[in-house]
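Please read the structure below before turning to the comments.
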Amino acid sequence: MAESNVPDDLSNCLKKLRFIATRRAMPEVERLLERFLDEESGQLSEEECSDLLTFLDASDPDIFDWLGEKGEPETSGGKRWIRRFSVYRREVP
């Protein structure tokens, strides 16, 4: 078996995160999360991964609205994720 530099807990968290992020109700949110994870999953700490999993408990319509600056998450962690995701937001035709 190949060795990995990623701790087991983080590896499991990232797998769960990818699973949840790629099975969303809204394709727009799913694509944004996929772009984000493709670029940044290797840089996430275990704490960030866990925090993002909690954030993704929010509904897709809420996340979509927050990305479109129609309101904002109630938590500072949620606001931080929306700022990080904004780099990966593309306008939907």
remark   = Tyr88 fails exactly one of (1) at pLDDT below 95; (2) surrounded by 15 or more Cβ atoms within 10 Å (Cβ to Cβ); (3) in a helix (DSSP H, G or I), namely (3)
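Consider the range 40-60. How many of its residues are touching a Phe, Trp or Tyr at 6+ places or on another chain (Cβ under 7 Å) and of a type in the set (Gly, Ala, Ser)?
Of all residues in the range 40-60, those touching a Phe, Trp or Tyr at 6+ places or on another chain (Cβ under 7 Å) come to 52, 55.
With the extra rule that they be of a type in the set (Gly, Ala, Ser), the set shrinks to none.
Qualifying residue count, the range 40-60: 0.
Quick one: is Gly77 of a type outside the set (A, V, I, L, M), exposed (fewer than 15 other Cβ atoms within 10 Å of the Cβ) and in contact with a Ser or Thr (Cβ under 8 Å, 6 or more places away or on another chain)?
Details: of a type outside the set (A, V, I, L, M): yes; exposed (fewer than 15 other Cβ atoms within 10 Å of the Cβ): yes; in contact with a Ser or Thr (Cβ under 8 Å, 6 or more places away or on another chain): yes.
So Gly77 fits the description; yes.
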message = Can you list the helices (runs of 4 or more DSSP H) lying wholly within the range 15-68 that have 2 or more residues being in contact with a Lys or Arg (Cβ under 8 Å, 6 or more places away or on another chain)?
response = 27-40, 60-67
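The values are calculated or read from the model by the stated rules, or taken from the named source; none is laboratory data. It should be emphasised that the depicted structure is a prediction, and the values quoted were computed from it without experimental measurement. Counting neighbours? That spans all protein chains shown, and the Cβs are built from the backbone with ideal geometry, glycine included.
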